[in-house]
Structures are given as C-alpha cells and as structure tokens.
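Input: a single structure, listed below in structure tokens.
No lab work stands behind these numbers, since they all come straight from the coordinates. The model shown is predicted, which means the values in this text are computed figures rather than measured ones. Positions of Cβ are backbone-derived with ideal geometry, glycine not excepted, and every protein chain shown enters the neighbour counts.
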Amino acid sequence: MGVSERPSGRHITVIAMHYPPEIGAAARRTSGLVAALTAQGHRVRVITQFPNYLRGRVFEEYAGRLCMVEDRGGATVSRVRPLLFRRQGLVWRTIGELWFLLNGAARAMLGPRPCLVLATCPSVFAPLAGWAAAAARRAALVIEVRDLTWENAAGSGGRPPRAGRWLGAAIVRAARHAALVVCTNARQRDHMVARGVAPERCRVVPPGVDRALLDRLSALPPPPGRRHVMYLGLVGLPQGLRVLIDTARLLADEGYRITVVGGGVEREALAAAAEREGVGSIAFAGPVPPEAVPDCYASADILVAHLTDHPSYRSALPSKLLEYMAAGRPVVFGGAGAGADLVRESGGGIAVPPCAPEEMAAAIRRLAEDPELADSLSRAGREFVRRRHARDVILVDLLADLAPLLS
C-alpha cells in the first residue's frame, strides 16, 4: 500500500517519549510515520511529553503547564509534563521514564478507542505503556524496537542486574503479545526471536533519511580539504566520545581539527577535560537546528561516529551514519555490531574497533592522505543511502505491514 492511498480512517494511538519540536532522530522518525498515517486518512493521537530533549528543561513555549493537547501536522498531540532532574544518571533517567509510563498509559485509556496502539523506543517503558493501553482498549499492539535500551540498563552497572533482568523480561513479554514488532536491523530481530517473539511477527524496517534532507545533502559541494573532522549528534554516555579527545591528541601536530556538534549529558564534562588536558585541536559546539545540519556537514572533510564497547550496543544502528553518507563524506565509525555492518556493507567508510583512538586516528590519516579512496567511499555511501534508505520508500513497506492491522 502506497503512502498516497487513503483508506477509511481508523483511530491510532502512538506512544512516544520524543516528538517535534524536539530535533532528535527519534522525534523525526516518529513524526514521519505519523505524517504518513494521517496522509492515509487515519486519525492519529500521539501521547508524548512536553519537549525537553538536550535542554534538560521544558521548552519555554510549553513551560508552566501540567498537560495540553495540540494539533500538529494533522495529528492530535497529547502532552504530559516530564519529570526532570538536575542530577544525571541511569537511576534518575529511569525514574523519569517510569513517570512517563504511568502518565502515558493513563492518557491512552482516554478518548476514542483505537484499533491500533504503536509504542516506540528508545523509551525503556514505552512498550509496557503500549501493552497496557492495547490490552485495556482491546487494540492491536505494535512495538518499534529502535535499540535494546533495557539491555543497556541491565548491564551498565547503574542499577541492580536483577532489576534490569526483570525489566527486560517484562518488555519481551509485551513483545510476545504484540501483533507486530518492528526492528531496525537483523541483529535486533534475532535478539527478539531468540527470546520467544514469533518470527513471522518480527519485521526489519531500517532507518531512513527524510527525502527533503536527502536532496539537500546530495547537493553539497565536495569536501573543502582542510583536514576538518566532525562528529554531529548526541553527546551522551553510549557515544563514548572521550575517544575523540584522545584521537585529537594523536593528530594534534598534523594539522587536523575535530569539531563535536551536539548536546547531551557528557558535553560539558568532555569540553572541560579537553581544556584541562591542553588538547586544543578539538572543539565542542552546542546543538544546531535541523536546517543548519547540511551546512555543518559541508564544512567537514571526514565524519566520525562512535559507540562505546558494550555488548548491548552491538544491535544499535546510529541513524547519523546514514546522514553522514548522504552528505557525500567518508565515514569513520568506531564500534562493533550493526553500525560497523552498515559501514562495511555500504562501502561508505572505514569501521574500527570501539574505544581505539590509535586506530581511529590511523583511519582519519588514511582518508586525508588518499583523496581517491576518500572520494570513492563518499560516492559509494551516498548512492547506498539514496538507493536503500530514503524514508519515504521505507515507509511504504512499513505501512504495508500495518495495513492488515488497520483493515
């Protein structure tokens, strides 16, 4: 079923912790799916928080409210106030997400009865809120597994392992009851099937790049050739960007400059560490609005990404890698698993082991000193994304999977 087809509208509830005007990948991805569903004539209700991503506080235009309902792009968006803490860490984040579970599930019990409840990660508790709402409203349940966040919680050391195992077991049980489980890659699907989710109800739908952004990135000029290396994205614990400070130190006398663009819980600490250690060849900028992203990429010669060395991150597929390749820049990815698989399959860059600054520095040198190789990787990566990861094309497949649940 194509995006342009319009069957009789059905009520759909989407539970997502992040939604525009937030600018993260999760918000963009969910809003793209919601736009496609509303374009088909369905009546979509999104249950989410007041926007706060990367700021640690509710956006000014939403401040001072407990809850609200607004129309956004043809969908009804029901927002609840998040529980935010000055202190960072897994325990505080988990409390905040538990608060969203309770509020989100309660909100989903109200209003017209949906025929479908779609709960999307990376919120740890979104699948549980979706399961509760679907059971109470007698609706089909769809769970989007964008990363195995609950596995991270179980193994990170920030909470008792037993509690992490209980949480994981609850989420897997919800997935077993779902009519459809959507994963971003085969590693995630294999993980869910190994834990009892029926293979025929577990589908792989890869991440994609919005067509308008893809067209803008495809029009970028060639790299400027100034040995400018850039990371653009979330600066959090999973990204392990301490490795970029160590890489910058190794390249400091060779004319390289590394810029980290983005916000997150680790940005201030990393910037302070670089200054304290006298690594002047790396700079930490704040987040930029979506419209400024192509210009950032245009200023870079090489784009880098990293995921820290933890088994639970091996199924994560950083969506920034697709934007990087669409921008026509060679990619250096430090990490194992699905991200490294993507880089190798696309031919768009070089994958190195996680937490290995020497190997990351060597890959950057290789690309800077071999323009033909860099150009070859850039062209291969850009073509790979245009051919296989345009979001509008991917949405056609996802909507086809959802169609039987909406009939």
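Just a few scattered comments:
- Count Lys and Arg as plus one, Asp and Glu as minus one, and take only other residues whose Cβ is under 10 Å from that of Arg113; the net charge is then +2.
- Counting only Cβ charges, +1 for Lys and Arg and -1 for Asp and Glu, the dipole size of the chain around its Cα centre is about 1720 debye.
- Looking at region 27-83, the pairs of alpha carbons with a distance over 14 Å make up 56% of the total.
- Radius 13 Å from Cβ of Ala368, net charge of other residues (Lys, Arg +1; Asp, Glu -1): 0
- Theoretical ellipticity at 222 nm over the chain - DSSP helices of four or more residues, -39500 (n - 2.57) apiece, nearest 500: -13500 deg cm²/dmol
- Residue among Trp99, Val77, Gly41 farthest towards the positive dipole end of region 1-124, charges placed on Cβ: Trp99
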